[in-house]
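The structure appears below as structure tokens.
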Amino acid sequence: MTAIHLRRALLPEGWRDEVRLVFADGLIASVESDAPAAPGDEVAEVGVPGMANLHSHAFQRAMAGLTEQRGGKTDTFWTWRETMYRFALSIGPDEMEAVAALLYAEMLEAGFTSVGEFHYLHHAPDGQPYANIAELAERIVAAAQTTGLGLTLLPVFYAHGNFGGAAPHEGQRRFLNDPARFARLLEASRAAVARLPGASVGVAPHSLRAVTEAELTAVIAMAEGGPIHMHIAEQVREVDDSLAWVGARPVQWLLARFAVDRRWCLIHATHMTDFETTGLARTGAVAGLCPITEGNLGDGIFPARPFRAAGGRFGIGSDSNVRIGVAAELRQLEYAQRLLHRERNVLAEAGGSTGRALLDAAAAGGAQALGAAMHGLRVGAPADLVTLAAAGPLYAHLADDQLLDAWVFSAGNALVDGVWARGIKRVSGGRHHDRAALSERYRAAMATLIG
Ligand code: NGQ
Ligand code: ZN
């Protein structure tokens, strides 16, 4: 049992004073407000719920700084993807674990308390499965275990190079399975994740480019009630290819053919007509927005205003992991909308704080997308807590939602003080407790990878 006493905390019913939280077995056992601290309580300033990071490709963290140089005449998502595929071929199990572990520590330091790892680097560099088919999945599990980040592992089914069951590229060989081998991989992944308290497994048909309709049907049937994540409509070329192949846009096609519901998380969904936007919102599925990566890759701008007006749910993901921040993702999301509409505070409720609206919506959508039954500082929810260094000179005059606005729009990660995931404190003073050791391991892995 751990007890934390907060001067102020954001509970489901709103901001409260003198909040005492008790954690037991990874869950919140009690929440009291206007309560004094008891002897032995850990005392902190301002507490808010931890955030779910609903979309990550861990290994891509190691490419940060290596792809911002212009290639030839054109430099696009597709040329970035070639570089990424080459890079993916060089990663072995030890590098995977070292990169994922430091990345997951960074996520905790940013205020993320769980991650949806969209894991598709399955096989050895020659494309043959490792002796243990789930070797790399186990390295992801190990990274989550060492750092304490909550994990929803999303083993990815990838079989084709484009719409219509096109042959895969050479560079995709480490990702590939047929449905039968994918079922074995999924089973082995479930066994690996079973060792980790609170962790879970979903399925991730990579994209409509990588699966046929029959394969998509087969993979969805393997979800066993867990989340279903898929990339969709990220690039204009993908929409054009879809139109050329099936005469429909990706989201239009998916909604017409499959019973998309609350279990689904559609990653990006950038390019949608108004009809698709409203249609997706009505399904109750989560739009998995990855604003920093979408900006970095030149994807486009998500139609957030009509989507939210139709009741659409969203969460945030760090995807390519070029930069890690709860605040930074939400800021990029809102700023793209401001630039698009030439207005301010686009995603706030009338009269309300933008930071608060973004954090509330992304926490709810993220929890749903990762298959969490509950979230927030309430009894029975996972004990995922972030404390903010509210007493510092820059922000001490701000209260409640203003402090959230300062976190999102001004301070970023620097305002994060303590982070508890599943009831265990992993970050103090903004630093993960194992940062030094994890950094050394990362440095050694990069020496192997880059030389
Ligand atoms: C991915 N990334 O799965 O890492 C993809 C590229 C692909 C983004 N879509 C790979 N941002 O599309 O095959
Ligand atoms: Zn992705």
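Here, each number is a calculation from the coordinates, and none is a lab measurement. What you see is a predicted model, and the numbers here were worked out from it, not measured in a lab. Note: ideal-geometry Cβ built from the backbone for every residue, glycine included; neighbour counts use all protein chains shown.
Annotations
- Normalised by residue count, the stretch 346-451 yields a Cα convex hull volume of 173 Å³ per residue.
- Full-extension gain in nm, Asp17 to Ala221, via 0.36 nm per residue minus C-alpha separation: 68.8 nm
- Relative to the longest principal axis of the Cα atoms of the chain, the long axis of helix 77-88 lies at roughly 90 degrees.
- Taking every alpha-carbon pair under 8 Å whose residues sit at least 6 apart, the chain reaches a relative contact order of 20 percent.
- If you wrap the tightest convex hull around every Cα atom of the chain and split its volume per residue, you get 144 Å³.
- Applying 1/(1 + (r/R0)^6) with r as the Cβ-Cβ distance of Leu340 and Asp94 and R0 = 45 angstrom yields a FRET efficiency of 0.55.
- Shown here are the Rg and Dmax of the Cα trace of the stretch 12-154, at 20.3, 66 Å.
- Rounded, prolate or oblate (a/c below 1.5 giving rounded, otherwise prolate when a/b exceeds b/c) for the stretch 54-136 by Cα gyration tensor: oblate
- Chain lengthening between Glu349 and Asp274 when straightened (0.36 nm per residue, less Cα-Cα): 24.9 nm
- If a spin label sat at a point 7 angstrom from the Cα of Tyr85 along the line to its beta carbon, the backbone N atoms of the stretch 145-181 nearer than 13 Å would be those of 159-163, 166-176.
- Were the residues from Asp261 through Ala124 laid out at 0.36 nm apart, the gain over their Cα-Cα distance would be 45.8 nm.
- Overall form of the stretch 21-87 per C-alpha gyration tensor (a/c, 1.5; a/b vs b/c): prolate
- Relative contact order of the stretch 312-440, defined on C-alpha pairs under 8 angstrom at six or more residues apart (%): 23 percent
- Against the chain, whose longest principal axis comes from its Cα atoms, helix 236-246 is set at around 50 degrees.
- Rounded to the nearest 0.05, the FRET efficiency derived from the C-beta distance between Asp178 and Ser33 at R0 = 41 Å is 0.15.
- Summed side-chain charge close to Ala248 - residues other than Ala248 whose Cβ falls under 15 Å, Lys, Arg +1, Asp, Glu -1: -2
- With the convex hull constructed from alpha-carbon coordinates only, the stretch 339-404 shows a mean projected area of 6.5 nm² over all directions.
- Relative to the longest principal axis of the Cα atoms of the chain, the long axis of helix 435-450 makes an angle of roughly 20 degrees.
- Relative packing of peptides 326-333, 264-271, 338-345 - highest average C-beta neighbours within 10 Å first: 264-271, 326-333, 338-345
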